[in-house]
Amino acid sequence: MWRLAVWTVFLVGLAAVYYTGAAPDALSLNDAYSLMGFKSQIWNDPYASLSNWKVDPAVGHACFWNGIKCADLTAYRVSSIQLTGLSLVGPVASNIGALSELRELNLSNNGFTGAIPAAIGQCTKLTVLDLSHNAMSAVIPNELGSVVSLQKIYLGYNQFVGTLMFPSSLTAMTDLSVEHNNFNGYPLDILVNLKNIVSLNLGSNTFSGVIDSKDLTHFNSTLKELLLGSNLFQGPVPSTLSYLVGLEKLDLGGNNLTGDVPVEIQFCPNLYYVNMSYNQLTGVIPTVYNKLQSLSVLDLRGNAITGTINMGIMGCTNLTDLRLGENQLNGTIPGGFGNLAYLSYLDLSGNRLTGKIPAEIASLSLKTLNLSSNLLRGALLEFSSSLVELDLAENNFVGSIPQVYDSLPSLEFLSLAYNSLTGEIPSQLGNSAKLKTVNLTGNSLTNKIPWALASANMALFSVASNALSGEIPD
């Protein structure tokens, strides 16, 4: 009998060691009922993701419901809601505001509609708000400014409207992403208090105005991503871009920016991505870009840039993607491209380049090469087997199509249209299973259309305006 008593005392003592949490109380039960109010507004839950959301007064909390976490299992208060990619549809209910211990709310990649509830301002401990990739609309509620703990806000890919009003109180914010909405007005002046911002993504809205140079000076060296692409900004690129010494990713593409291609980014040594495409930039490509040793992507397409392709770019030895198409570049293609050993995408189309394709380009392990719509001449080269897309259309190339083109294993797109090519079409060109587009229009090719090419399952096959003979294969 004494042994049983000792054993009982031991178990009680063990429980005292391992169980220190209090029982669920009215606050944790209130969290559960608040979540049920949130669930009641969701009218489509195709995967029954919320099927175990059921209040059990005997349990008294929601900590083990799908998508719910409680940071402290001694208090049983809801700290995180993670319901991403579940195809849930309905408004975000105001019951969310009753979750006073909520730190993270992630409802991304669903079908939520309507406005952000003003009650969100009651979640004063919230640090992460992710409502991206939904169908939400209306303006951002002023009450969001009450949540001074917010560090990351993701509202991209919705239908939000109005001006972007984020009060000065949100000084802890590091990430703000509102891309692909319908915001308007000039946003940068109201963001000057974001001293700790790391990533700022305002792309694909209708923001407008001249980028004020002083607005960029308020961001310190912590800013790594400045994404303003696909808006209506105008005027020159501010020289104060040089203040952003910690910048790694810059997107100004698809605006109405004017003036010379900015040299100031030379003072941003960590840049790996620069997109200034489809603006109205002029001048030449700065030679000082050779200082950007981390640069991987440079996109200057669709501007009015003149001059030659200078050796400054050839100093960016980590480039993988270079897009200079649709400008007014002239001269020859420099042989220095051989320095860019990691280059996989090269677009020089739609310029006024002359001369021959340098052999150094043929030796690169490119996946995409677009030299179309220039004034290039000479014979076609044999390119790397890594090519997926090859576009040499609308030049002055002569001679025959190299036989090796029929053995490029990854080739999907081939356009040699509107040149002065002669000879026969390589007989095995259609044997590549991946080849979907072949455009040989407007040359002087002779003899028959190879059976393998004509019978291949392609999206586009054109040999019009040549000197071919014989029957068209079935």
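The values are calculated or read from the model by the stated rules, or taken from the named source; none is laboratory data. Remember, predicted model here, so these are calculated numbers, not experimental data. Methodologically, a virtual Cβ is constructed for each residue, glycine included, from the backbone with ideal geometry; neighbour enumeration extends over all protein chains shown. Accessible surface areas use protein heavy atoms only, side chains included; no ligands, DNA or RNA. Shrake-Rupley method; radii C 1.70, N 1.55, O 1.52, S 1.80 Å.
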**Study point:** Any pair with Cβ under 6 angstrom, 6 or more apart, that starts in the range 278-291 at a residue that is without any contact (Cβ under 8 Å) to a residue 60 or more places away in the chain and ends at one that is among the hydroxyl-bearing types (Ser, Thr, Tyr) and surrounded by fewer than 17 Cβ atoms within 10 Å (Cβ to Cβ)
**Key:** GLN280/THR258
Review point. Does ASN220 satisfy the criteria of being assigned to a loop (DSSP other than H, G, I, E, B) and under 25 Å from LYS125 (Cα atoms)?
Key: no
Study note, to complete from the structure: Within the range 377-413, the residues that are under 17 Å from ILE361 (Cα atoms), of a type in the set (A, V, I, L, M) and either surrounded by fewer than 15 Cβ atoms within 10 Å (Cβ to Cβ) or over 33 Å from the mean Cα position of the chain (by Cα) (or both) are ALA379, LEU380, LEU381, VAL404
Point to revise | Yes/no for SER108 being in a loop (DSSP other than H, G, I, E, B) and either over 32 Å from the mean Cα position of the chain (by Cα) or buried (at least 17 other Cβ atoms within 10 Å of the Cβ) (or both) | key: yes
Review point. Residues in the range 149-156: is at least one part of a strand (DSSP E or B), under 20 Å from the mean Cα position of the chain (by Cα) and of a type in the set (A, V, I, L, M)?
Key: yes
Review point. So is LYS291 open to solvent by 50 Å² or more (accessible area, probe 1.4 Å), touching a helix residue (DSSP H, G or I) at 6+ places or on another chain (Cβ under 8 Å) and among the basic types (Lys, Arg) or not?
Key: yes
Review point. Looking only at residues in the range 39-88 that are at positive phi and in contact with a helix residue (DSSP H, G or I) (Cβ under 7 Å, 6 or more places away or on another chain), which one is most open to solvent (accessible area, probe 1.4 Å)?
Key: TYR76
Study note, to complete from the structure: Matching residues in the range 322-358 (in a strand (DSSP E or B), of a type in the set (Ser, Thr, Tyr) and under 30 Å from the mean Cα position of the chain (by Cα)) number 1
Review point. Which pairs do you get when a residue that is on the phi > 0 side of the Ramachandran plot, found in the range 215-239, comes within reach of a residue that is outside any loop (DSSP other than H, G, I, E, B) and surrounded by 21 or more Cβ atoms within 10 Å (Cβ to Cβ), reach meaning Cβ atoms under 7 angstrom, with the pair 6+ apart or on two chains?
Key: GLY235/LEU257
Review point. Just wondering, is there one or more residues in the range 152-162 that are in contact (Cβ under 8 Å) with a residue 40 or more places away in the chain and either open to solvent by 20 Å² or more (accessible area, probe 1.4 Å) or of a type in the set (S, T, N, Q) (or both)?
Key: yes
Practice item. Sort out which residues of the range 128-145 are without any contact (Cβ under 8 Å) to a residue 40 or more places away in the chain and not in a strand (DSSP E or B), and write them in order of number. Key: LEU131, HIS133, ASN134, VAL139, ILE140, PRO141, ASN142, GLU143, LEU144, GLY145
Review point. So ILE313 fits all but one of (1) in a helix (DSSP H, G or I); (2) in contact with a Gly (Cβ under 6 Å, 6 or more places away or on another chain); (3) open to solvent by less than 10 Å² (accessible area, probe 1.4 Å); (4) closer than 24 Å to LEU387 by Cα; what number is the exception?
Key: (2)
Check your understanding: Checking SER94 against (1) at pLDDT below 95; (2) open to solvent by 50 Å² or more (accessible area, probe 1.4 Å), which single condition isn't satisfied?
Key -> (1)
Check your understanding: Does the range 183-192 include one or more residues that are of a type in the set (Val, Ile, Thr), part of a loop (DSSP other than H, G, I, E, B) and out of contact with any Phe, Trp or Tyr (no Cβ under 6 Å at 6 or more places or on another chain)?
Key -> yes
**Study point:** Filtered residue count, the range 126-147, keeping only those that are more than 23 Å from the chain's Cα centre (by Cα) and surrounded by 15 or more Cβ atoms within 10 Å (Cβ to Cβ)
**Key:** 9
Practice item. Report, by residue number, each residue of the range 221-270 that is within 16 Å of the chain's Cα centre (by Cα) and open to solvent by less than 50 Å² (accessible area, probe 1.4 Å). Key: LEU226, LEU227, LEU228, GLY229, ASN231, LEU250, ASP251, LEU252, GLY253, GLY254
Study note, to complete from the structure: LEU445 fails exactly one of (1) of a type in the set (A, V, I, L, M, F, W, C); (2) modelled with pLDDT under 95; (3) surrounded by 14 or more Cβ atoms within 10 Å (Cβ to Cβ), namely (2)
